[in-house]
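K.L.:
First the structure, then my questions, so here it is.
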Amino acid sequence: MEAGFYFFEQIFNSAIFYFALVVMASYIFLCFFSALEMKAYMRKNSFIDYREILVSPFAPSVSILAPAYNEEATIVDNVKSIMSLHYSNFEIIIINDGSKDHSLEKLIHAYQLEKVDFCVNEQLNHQPIRGIYKSRNSSYAKLIVIDKENGGKSDALNAGINVSSKDLLLCIDVDCIVEQDALLKLVKPYLEEKKRVIATGGVVRIANSCEVEDGRLVKVHMPKNIISRFQVLEYIRAFLMGRMAWSRLNGLLIISGAMGLFDKEIVIKCGGYSHETVGEDMELVVRMRRYMHDNNLKYQVVYIPDPLCWTESPVDFKILGRQRNRWTRGTIETLWTHRDLFFNPKYSILGMLSYPYWLFFEWLAPILEGIGIITFILLASFGKINWEFSLILFTMVYTFSILLSTIAVLFEERSYHQYTSGMDVLKLLLLAFIEPIVYHPLTIYWSIKGNIDKFTGKKNWGTMTRAGFTSNQKDKLETSSTQNLTTQQEQSV
């Protein structure tokens, strides 16, 4: 019995140690390539005049697709914000996905809409369209509103794609705040890259506690809510250190559902958004990449490190847990759907590096960490822990985690410097010390729970409510809300 415990302890210690080394090595690898990409992007953009794109006859046309479900409190301001984007050739398509409130009536009244006869090119499947509206006022000539039966976010986007008439598709969450020059920055790779660009995405930031006026973010503040602050640090690390590196390697697997610009032709040839997953954003990018490989077409998926989109984050652990549950489900569904990519040399970086990394480090790593914690507790209860080794390992991982977050904050400050207050930067650095022992264990728990819920067939994990953005209010996002802004995906499930 004693020999068995000793053998198990040695195997456990070795497995944890080498797993930790592999994870840290992967983060160092991504950090290095992210720094290279960040430096190259800032050098290339230091002399860019985006007004040239604004007036260029070669700039591609863009259809902006924004699904909306029960958004009556903010829908008018949201559309006003989208209409203020700096670009010359675009249309705005708001898809009212079977809202049960007065979202459609608010739009009709505010923008003088009337139902029109409209020829829809039915290339993608979606729930029936009840009507298409355009404005009698020429000032809103770019605006199209689709009223359809509820089918979820993917279904709504497919309806918008069928109605759209432009070359590129900007798919956004209607309740996000998009920077006015975001479209110019997202379009730029389509004009300058040698390979065909099939998708571009940009930084998504946390808008909690920021000041918003008329649908525009006018001043950035660090969230007052500690849960939102954890997410600020998490987003900076994920976007500036993770996606920057994968963009450099042309191995990016995900464009955020909050805002992404896609090649319409490729989207349609791939069959549009899938109804079979709650991770429709990641699944579409993987399917588009597969299509390009299958047809021997050279391509790129490009990430833009500029802060382009601001979104509200959950302000309590219950809602945050539901969000992470949904993310975990989406990851599982996408990885399973495209499981034949695993170490498949036919798909080069996609099959040999991106997919395995996402499988082992984005999906499997939290499960292994959870198993490691449970095993540690069991061994400790039997007095079979090598405490000296455990302390060394914990110190190594904890210190590395702090270092990684500190580098991410440094990237932020050396690049776009959104948090100008020295106190805000100090708060982020202090968070780096407590995140590994407070917030990270929760993300492990949510990931494991998402896996259990997925494999046990649990489909309803609760709604996600948001306060929403209201003009001329400050710190509004830190208060509780009675407005239910359930995401379309959750509604359909």
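K.L.:
Show the residue pairs meeting these rules: Cβ distance below 6 Å; 6+ apart or different chains; first residue within segment 40-54 and more than 17 Å from Tyr303 (Cα to Cα); second residue outside any loop (DSSP other than H, G, I, E, B).
P.N.:
Every condition considered, the pairs that remain are Tyr50/Leu184; Ile53/Leu184.
K.L.:
Only helices (runs of 4 or more DSSP H) wholly contained in segment 269-387 count here; list those with 1 or more residues that are in the same structural domain as Tyr439 (by TED's automatic domain parsing).
P.N.:
Correct list: 317-337, 365-381.
K.L.:
Where residues in segment 1-42 are modelled with pLDDT of 75 or more and not hydrophobic (A, V, I, L, M, F, W, C), which of them is least open to solvent (accessible area, probe 1.4 Å)?
P.N.:
Ser34
K.L.:
Against the conditions (1) surrounded by 17 or more Cβ atoms within 10 Å (Cβ to Cβ); (2) modelled with pLDDT of 90 or more; (3) within 28 Å of Asn78 (Cα to Cα), where does Ile53 fall short? Just the number, please.
P.N.:
If we test Ile53 against (1) surrounded by 17 or more Cβ atoms within 10 Å (Cβ to Cβ); (2) modelled with pLDDT of 90 or more; (3) within 28 Å of Asn78 (Cα to Cα), just (2) comes out false.
K.L.:
So, Glu213, is that one open to solvent by 10 Å² or more (accessible area, probe 1.4 Å) and within 23 Å of Ser415 (Cβ to Cβ) or not?
P.N.:
When the stated conditions are applied, Glu213 does not pass them.
K.L.:
Any idea which residue in segment 128-155 is nearest to the chain's Cα centre (by Cα), counting only those that are within 15 Å of Ala68 (Cβ to Cβ) and open to solvent by 70 Å² or more (accessible area, probe 1.4 Å)?
P.N.:
Taking the candidates together, the pick is Glu149.
K.L.:
Identify the single condition in (1) at pLDDT below 90; (2) hydrophobic (A, V, I, L, M, F, W, C); (3) farther than 13 Å from Leu107 by Cα; (4) in contact with a Leu (Cβ under 9 Å, 6 or more places away or on another chain) that Ala73 does not satisfy, given that it satisfies every other one.
P.N.:
Only one criterion is unmet by Ala73, namely (3).
K.L.:
Now a separate question. Right, Leu261: under 23 Å from Leu65 (Cβ atoms), in contact with a Ser or Thr (Cβ under 8 Å, 6 or more places away or on another chain) and modelled with pLDDT of 90 or more or not?
P.N.:
Yes.
K.L.:
When you look at Ser348, is it of a type in the set (Gly, Ala, Ser), in contact (Cβ under 8 Å) with a residue 24 or more places away in the chain and open to solvent by 50 Å² or more (accessible area, probe 1.4 Å), yes or no?
P.N.:
Considered against the rule, which asks whether it is of a type in the set (Gly, Ala, Ser), in contact (Cβ under 8 Å) with a residue 24 or more places away in the chain and open to solvent by 50 Å² or more (accessible area, probe 1.4 Å), Ser348 comes out as yes.
Table: residues versus (1) open to solvent by 30 Å² or more (accessible area, probe 1.4 Å); (2) modelled with pLDDT under 90.
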site: Ser381; (1), (2): yes, yes
site: Lys384; (1), (2): yes, yes
site: Ile402; (1), (2): no, no
site: Ser421; (1), (2): yes, yes
site: Ile448; (1), (2): yes, no
site: Thr456; (1), (2): yes, yes
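The values are calculated or read from the model by the stated rules, or taken from the named source; none is laboratory data. None of these values were measured; they are calculated from a predicted model. Cβ sites come from the backbone with ideal geometry, for glycine too, and all protein chains shown count toward neighbours. Note: areas computed on protein heavy atoms with side chains; ligands, DNA, RNA excluded. Shrake-Rupley method; radii C 1.70, N 1.55, O 1.52, S 1.80 Å.
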